[in-house]
Structure formats: structure tokens, C-alpha cells
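Below you'll find the structure, written out as C-alpha cells, and then a few comments.
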Amino acid sequence: MTTELLKRKLGYTDFEVTALSFGTMNLKYLPDEEAESLLHKVLDLGINYIDTSRAYGNSEERIGRYLSGRRDEIIVATKCGCNPHLDRKGSSHVLTFDRATLERNLENSLRALKTDCIDIWQLHGATPEKLIGGPEGEVVEFMQKMKQQGKVRYIGVSIRHGPKTEPGYPSRYGYECIQEYPDWNVFDLFQIVYGGMVRTSEELLQDAADKGAGILVRGVVRDYFDDFPDVFAKAGLDELLAEGEDRRSFLIRYALSHPAVSSVLIGTNNQEHLKANVIVASAGGLEVDRYNEAKKRFETIGSKPGFFVGGIPAESPMPVSS
Ligand SMILES: NC(=O)c1ccc[n+]([C@@H]2O[C@H](COP(=O)([O-])OP(=O)(O)OC[C@H]3O[C@@H](n4cnc5c(N)ncnc54)[C@H](OP(=O)(O)O)[C@@H]3O)[C@@H](O)[C@H]2O)c1
């Protein structure tokens, strides 16, 4: 079996990104030597896209420290709107979207990553209503200015998902963002939660790609159904697994079957898991028959385009919590 990761065009950018990209949200939990070894392994296995954020502890610093000698081998994507000095352990990130925060974040990201240009600069989880003035507001204006000045090459939004306590988890924000942002015609790419178990935005991803946006998907192998194993079996999805294929591999290949998806973003702190993910992603999308059958079976458990996990129509009003 080949383990060469194919590359796909990232929207209208001039980047070609490997079908598997690497997320560093949990990198901070590793000791230095292991983090260094893992980051080099990522590149040695042929992955060319690394996702980080100001909000991921020392992830940017480690990428800068260990990989600056291999800078030309990676597309580095980071995020802004972050206030790491206010984040507490166990709390969700404190995010603010204004010029001053972005300016501070950019300066710190460039320094930490030891680079003079960030390839992909994303708003970390901004929903449209958080961006005052929308496409004409100061945040978008500042991002575009940084692009013109060459401090960042492309700009995007890493779209947030809701907390598990919320109806429509995890797709509510994702659906709304991917519905609205492409029409602003300012962002070059979107990172969003999507996969077989969460197909809410499946059709909107194509619309966004048709407008030129690059699409990275994450959350592909996460268990968004509380009773994931039961649900997976109930839908008869186990019957679709090829010999030796596990559910995780099937889900990665399902996500890669979507024509709008440039890359599946997965994080791991385990080199064996990393290698396994590379092997799976190297196989690309599912065979057409299996893909079509998978779609039908996902539907039987309520995972279908335009619906949230649990079968709530995406266009329904947000239930008001008491
Ligand atoms: N709002 C945002 O912008 C946002 C939010 C969340 C995440 N992200 C980005 O997206 C990336 C992916 O995050 P995610 O939330 O979608 O999680 P994920 O990367 O899909 O899943 C991570 C989990 O899967 C496990 N895993 C990975 N490969 C495995 C394998 N082959 N076998 C067994 N377990 C495996 C990892 O554990 P091990 O370490 O043990 O392998 C880890 O617990 C993050 O690193 C981050 O870069 C962005």
C-alpha cells in the first residue's frame, strides 16, 4: 500500500495541501524532546500543513524552535483573536476580535514562529456577529492590510463549534458561519467541523468551494454522538468497513471523499497514530459505491446535510435555554 499523501489545491490560493494536515492543539502536553521528535516526524511523513494558534500554549514557540530550519517544507496556519494571558486552565479560550488584539497576536505569532510571513492567518472561532462592521469592519480591514504588507499570505476563519450542552452541537455555529462568510468574498479559506457523523454543512462546503474558498475539516474522528459505537453499528456502518479497516479510518476516508475538502486536519501526540493516519489518508476518498452507500446509512441515524446531530433541522430557530 502506498503511503504517499496526495496534495489537493487549497481553493484559489497557490498552495497545494496534503490530504492530511496536522493539528497542534494538544502539543503543549508533551515534553520538549517528544514534541520536537513528533514535529519532525510530521514533515518526514510528508505532511505539509501545520495548524496552530496563539491559544495553544507553547505550540507556536515549539514549531518556531524546532522547524524554522525546515520552514520551506510547511504551510503554517495560525489563529488570532486570542488572549492567552487571560485563558485559564480548563476554561474555554477568551476571544476578542478587534484591531488591537489582532495586532498584538500577529506580532507575537511572527516572533514565536520565527518567520516573517504567516501562510494562513485565521480568526479563531469568530462568528459573523462578533465582527463589528462585517466585511467592511476594522477586523477584516486589518487582516487585508496585513496581507497587502506581506505579513500574512492568506486569511481565513477557523469556525467554532458549540458546547455539548447546546442543541445542535457541534454544528450550530459552523452551519451559520459557512452559510454567511463565503458571501463576504474576503476569506481565502475556512476550517470547519465536518464528517460522516456531522454532515450538517456538507452541501454548504461545496458552495463555499465554488466561490473559491479552500476547506479544511476537523473533528472527523471525534465522537459527536454520545452513544457513538451504538449509533455507528445501528446504521449498519460496520458492514461497510473493508477488511482490516476500523471506524476511524472509514471516517477519515469519508471526509476525504467530499470534492470540496482540501485536507482533513487531525491532531495526535502519538507517532503510531500519526503514521496510521498518514496511511489511511494516502488511500484518499472512499470508492464511489461505498461512499454513496455510507451517505444513505448515515442518514438513517439523522446525520445528513442541513440537519444537526440529533435530527434538528439546521434552519430551525435556536432553542432558547432557560
Ligand atoms: N476553533 C478552532 O479553531 C479549533 C478547535 C478545535 C481544534 N482545532 C484544530 O483542529 C485540530 C484537530 O482537532 P479536533 O478537535 O478535530 O480533534 P482530532 O484531531 O480530530 O482528534 C484528536 C484526538 O484523536 C486522537 N487520535 C488521532 N489519531 C488517532 C488514531 N489514529 N488512533 C487513535 N486516536 C487518534 C488523539 O489522541 P492521541 O493524541 O492519543 O492520538 C486526540 O485525542 C486541533 O489540533 C487544532 O489544530 C481548531
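The values are calculated or read from the model by the stated rules, or taken from the named source; none is laboratory data. Small disclaimer: the values here were computed from a predicted structure and weren't measured. Cβ: placed from backbone, ideal geometry, glycine included. Neighbour counts: every protein chain shown.
Observations on the model:
Residue-wise test of (1) more than 24 Å from the chain's Cα centre (by Cα); (2) at pLDDT 95 or above; (3) of a type outside the set (Lys, Arg).
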| position | (1), (2), (3) |
| --- | --- |
| Asp226 | no, no, yes |
| Ala255 | no, yes, yes |
| Leu274 | no, yes, yes |
| Glu287 | no, yes, yes |
| Arg297 | yes, yes, no |
| Pro313 | no, no, yes |
| Ser316 | yes, no, yes |
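- Qualifying residue in region 158-173 (condition: at pLDDT 95 or above, buried (at least 17 other Cβ atoms within 10 Å of the Cβ) and touching a helix residue (DSSP H, G or I) at 6+ places or on another chain (Cβ under 8 Å)): yes
- Close pairs from region 22-37: first within 14 Å of Leu274 (Cβ to Cβ) and of a type in the set (Gly, Ala, Ser), partner surrounded by 14 or more Cβ atoms within 10 Å (Cβ to Cβ) and at pLDDT 95 or above, Cβ under 7 Å, at least 6 apart: Gly23/Asp51; Gly23/Arg218; Gly23/Leu265; Gly23/Ile266; Gly23/Gly267; Ala35/Leu27; Ala35/Arg62
- Residue count for region 1-44, restricted to those that are within 13 Å of the ligand (Cβ to nearest atom) and within 21 Å of Ser262 (Cβ to Cβ): 7.
- Qualifying residue in region 265-287 (condition: without any contact (Cβ under 8 Å) to a residue 24 or more places away in the chain, away from the ligand (no atom under 16 Å from the Cβ) and either surrounded by fewer than 18 Cβ atoms within 10 Å (Cβ to Cβ) or not charged (D, E, K, R) (or both)): yes
- Hey, Ala242 buried (at least 21 other Cβ atoms within 10 Å of the Cβ), out of contact with any Lys or Arg (no Cβ under 7 Å at 6 or more places or on another chain) and not charged (D, E, K, R) or not: no
- Output for region 237-261, where each listed residue is away from the ligand (no atom under 14 Å from the Cβ), touching a residue at least 12 places away in the same chain (Cβ under 8 Å) and not hydrophobic (A, V, I, L, M, F, W, C): Ser257, His258, Pro259
- Test: Leu45 is among the hydrophobic types (A, V, I, L, M, F, W, C), in contact with a Leu (Cβ under 9 Å, 6 or more places away or on another chain), over 22 Å from Leu123 (Cα atoms) and modelled with pLDDT of 95 or more: yes
- Qualifying residue in region 222-239 (condition: closer than 24 Å to Tyr49 by Cβ and surrounded by fewer than 22 Cβ atoms within 10 Å (Cβ to Cβ)): yes
- In region 214-236, residue farthest from Lys295 (Cα to Cα) [restricted to those that are touching a Lys or Arg at 6+ places or on another chain (Cβ under 7 Å) and within 16 Å of the ligand (Cβ to nearest atom)]: Val221
- Being of a type in the set (Asp, Glu) and closer than 23 Å to Phe22 by Cα is a property that Asp210 lacks.
- Among the residues examined, Thr300 does not qualify as of a type in the set (Ser, Thr, Tyr), within 16 Å of the ligand (Cβ to nearest atom) and either in contact with a His (Cβ under 9 Å, 6 or more places away or on another chain) or closer than 26 Å to Thr165 by Cα (or both).
- Once region 78-111 is narrowed to residues that are among the aliphatic types (A, V, I, L, M) and without any contact (Cβ under 8 Å) to a residue 24 or more places away in the chain, the residue that is nearest to the ligand (Cβ to nearest atom) is Val94.
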